[in-house]
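For reference, the structure discussed in these notes is given below.
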Amino acid sequence: MRDFYPEDLDLRDRIFAAWTDASTIHGFQRFEPPVVESFELLARKAGEEVAQQIYHFEDKSNRQLALRPEVTPSLVRMIAARPQQILFPAKWWTIGQCFRYERMTRGRKREHFQWNLDIVGEPSVQAEAWILACVTQALGALDLGPRDVRIHVNNRQVVAYLLCELGVPPERHVDVFMVLDKKGKVPVETLKEMLVERGLAANTADEVIGQLAGEGVDSLSSGPLAASPAAEDVRRLLELASAMGFADYLRFDSGVVRGLSYYTGAVFEGFDAERRFRAIFGGGRYDNLFGDMTGAARPAVGMGFGDVVIAEILTESKGLTPAKPKVEVCVGMFDAALSMGAARIAAELVAAGIQTDLAFSAGKPGKFFAYADRRGARFTVFLAPNELRDGAAAVKQMASGEQTTVPLAQLADWLRARLRG
């Protein structure tokens with residue numbers, strides 16, 4: 001689990017702001033489920049290795065509970081509880097804290113915050129396009145353009161069609177998808193061995209990996225992938241991306257399948273262009289999940305975007321450093337006898353809407369200015385006996401070093417004019 005020091009929160013707030021602004025401007029509605037859910041709900045949906053990573057516990061009433069590893073099960077539960085009150089297609093978003101007990105590596109923690117976008121009730125690929133438009137808006141706000149981030153898109157039905165053509169029965173497809181999701185994370189020979197362990201013949205494993213090795217939309221126009229009915233959905237998504245202005249981010253990649261078994265159609269993953277880091281985000285269509293979990297089928301598509309990898313990219317690739325903490329004004333005093341007056345003036349500045357810090361200890365000007373500089377103050381207000389006798393205070397603009405004596409009765413207006421100007 002992570003501690004966030006003040007300087008860490010500056011970067012996290014930038015990321016959260018980009019997510020929030022993009023969600024809002026694209027018309028998504030915010031929701032917020034609890035971080036604790038019933039273990040049954042999470043385990044029923046998670047499947048595969050995620051179920052083994054759930055923080056599971058029993059409370060004092062002997063209920064089986066868990067810290068959520070992701071937000072989608074809560075979304076399904078909440079929508080299923082009030083279907084008559086929700087306008088479909090529902091476009092929902094949240095930033096939620098998630099927990100997984102797994103081996104920690106670069107870009108992967110046991111706790112992280114995740115931005116989720118989901119559209120429930122829309123069967124067309126326009127839903128995928130709208131989610132990706134929102135994601136690219138957030139990337140742009142973080143100064144990450146198409147040269148920095150590539151979004152690899154595919155459709156599971158395209159891969160399923162290829163597997164059937166190669167003689168792999170449908171009941172083996174989920175196992176194959178789980179292996180193919182490790183592409184790029186383990187050597188190719190290891191991938192082949194894992195496919196053989198799942199029951200594929202060695203020559204079939206070679207052909208599967210070979211057919212899914214390339215990128216580029218040309219493979220949708222000719223060859224075995226082009227014959228899949230789902231190839232048209234991929235082409236439609238790419239056309240929508242072009243019409244909406246974010247096509248430069250996208251790459252068709254027949255090897256992208258996503259690891260979770262509930263994906264049914266389009267899938268996508270975002271990576272830094274040089275592939276130095278783990279996936280930045282990922283998602284896809286999960287049309288069967290609502291039916292499996294609630295008995296009432298609803299088409300849906302969603303995306304999860306964690307804060308860990310993007311923070312690494314912004315820090316290491318973009319060179320972002322923690323911002324110096326800043327306040328607008330710092331108030332100090334020469335000796336302790338002036339502490340009451342300093343507190344009153346600081347309170348008046350706060351009441352006037354000016355971000356203000358108060359130095360609690362009296363001291364010489366040099367010591368106070370050093371403190372104010374570390375706090376990133378734009379102006380200082382220093383109280384000393386001589387100025388106070390005249391009903392004034394010494395005000396210093398820290399950047400220029402210019403110092404002015406300002407009447408206390410005019411202090412708030414004087415500062416506000418310069419801060420806002």
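Which lysines have a Cα less than 18 Å from the Cα of K396, not counting those fewer than 8 places away in the same chain?
Counting by Cα, and skipping residues close in sequence, K396 has these lysines nearby: K326, K364, K367.
Classify the range 293-357 from the C-alpha gyration tensor, please: rounded if a/c falls under 1.5, else prolate or oblate depending on whether a/b exceeds b/c.
Details: a/c = 5.36, a/b = 2.23, b/c = 2.41.
Because a/c hits 1.5 or more and a/b fails to exceed b/c, the range 293-357 counts as oblate.
Can you tell me the orientation of helix 411-420 relative to the chain, as the angle in degrees between its alpha-carbon axis and the longest Cα principal axis, to the nearest 10?
Result, in degrees: 30.
Measure nothing but the geometry: give the 0 to 90° angle between the long axis through the Cα atoms of 307-316 and the longest principal axis through the Cα atoms of the chain, rounded to 10°.
For helix 307-316, the angle is close to 70 degrees.
As I understand it, the value is the acute angle between the Cα axis of helix 339-351 and the longest principal axis of the Cα atoms of the chain; what does it come to in degrees, rounded to 10?
Roughly 50 degrees, rounded to the nearest 10.
How far apart, in nm, are the 7 Å Cα→Cβ label points at A297 and V327?
6.1 nm
So how many Lys-Lys pairs in the range 6-316 land under 26 Å Cα to Cα, not counting same-chain pairs under 8 apart?
Taking the Cα cut-off of 26 Å, the pair count is 11.
In deg cm²/dmol, rounded to 500, what helix-only [θ] at 222 nm does the chain give when every DSSP H run of at least 4 residues adds -39500 (n - 2.57) and the total is split over its residues? Before the final figure, lay out the partial values.
Working: 15 runs with 160 residues, N = 421.
My calculation for the chain gives -11500 deg cm²/dmol from helical runs alone.
What is the set of long-range amide H partners of A230 at a cut-off below 5 Å, with H atoms built 1.01 Å from backbone N?
The answer is none.
From zero up to wherever the largest Cα-Cα distance of the chain sits, split into 10 Å bins and tell me the percent of pairs in each.
4, 18, 23, 20, 13, 10, 7, 3, 1, 0
Normalising by the residue count of the chain, find the relative contact order in percent from Cα pairs under 8 Å and 6+ residues apart.
Numbers: 707 pairs, mean separation 62.5, N = 421.
The normalised contact order for the chain reaches 15 percent.
Values in this text are rule-based calculations from the coordinates and carry no lab data. Quick caveat, the model's predicted, so the values are computed rather than measured. As a convention, Cβ positions derive from the backbone with ideal geometry for all residues, glycine included, and neighbour counts pool all protein chains shown.
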